[in-house]
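Undergrad: Got a structure for you, written out below as structure tokens; questions coming shortly.
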Amino acid sequence: MFKYLIIALLFISCNSNKSPEGVLTAFIEKRLNDEIKVDELKDYLTGTLLEEYTQALTEDAKKLNEMSNFKKSRLSIVYKNCSGDECSITYSVAYDDEATDGKTKQDVSISVKKIALIIKKDDKWLISDISDVKSFYEFKETDAR
């Protein structure tokens, strides 16, 4: 029983904003599995990124929360480089979706590699910037019958 308690505590502490990976994972998982609300953004973001997301959610919440509709979504941390109160984390988000040209639909697997700049502010780690690195699209073949 004691082992399970320790494991649960480690899991909870790793997924909070007390670590750079924790705040990034919590933010991405929230976007993948739930709809994020404006008042929740300050728990994850800071600076101009917070302003941009706040404006986007205010203007069109449905578009910003579309990640919660993706199927088989996965997050993986690829690389981390920290120096003092600043970390750069390269991560990948992969998911399945449908592509359409207006007439036909085709299943596609998408993987997007990004870099997040995470800074420590008032003893909390917050994401200050996210930039895209590369996107991969793998179209699944359909059976011609």
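Undergrad: A 19 angstrom limit on the alpha carbon distance is what I want to check against. Which of Lys80/Lys113; Lys72/Lys113; Lys37/Lys120 exceed it?
TA: Lys37/Lys120
Undergrad: Taking θ = phi - 60°, what integer Hz values does the Karplus form 6.51 cos²θ - 1.76 cosθ + 1.60 yield along segment 125-141, in sequence order, with x for Gly and Pro?
TA: Going residue by residue, I get 8, 9, 7, 9, 7, 9, 10, 7, 10, 7, 10, 10, 10, 10, 7, 7, 6 Hz, with x marking Gly and Pro.
Undergrad: While we're looking at this one, here's another question. Check which residues have an amide H placed less than 5 Å from Leu45's amide H, if you skip close sequence neighbours.
TA: Ile127
Undergrad: Evaluate the distance, in nm, between pseudo-label points positioned 7 Å from the Cα of Lys105 and of Asn81 along their respective Cα→Cβ axes.
TA: About 4.2 nm, to one decimal.
Undergrad: Mind checking the full-extension length gain between Asp39 and Glu51? Use 0.36 nm per residue of separation minus the Cα-Cα distance, one decimal, nm.
TA: That works out to 3.1 nm of additional length.
Undergrad: In whole Hz and in residue order, list the ³J(HN,Hα) couplings for segment 102-109 that follow from phi through the Karplus curve 6.51 cos²θ - 1.76 cosθ + 1.60, θ = phi - 60°; x for Gly and Pro.
TA: Along segment 102-109, the couplings run x, 10, 10, 10, 9, 6, 9, 9 Hz.
Read-outs throughout are calculated quantities, based only on the coordinates presented, and are distinct from any laboratory measurement. Not measured: the values here are computed from a predicted model. Cβ coordinates were reconstructed from backbone atoms using ideal geometry, including for glycine residues, and neighbour counts include every protein chain displayed.
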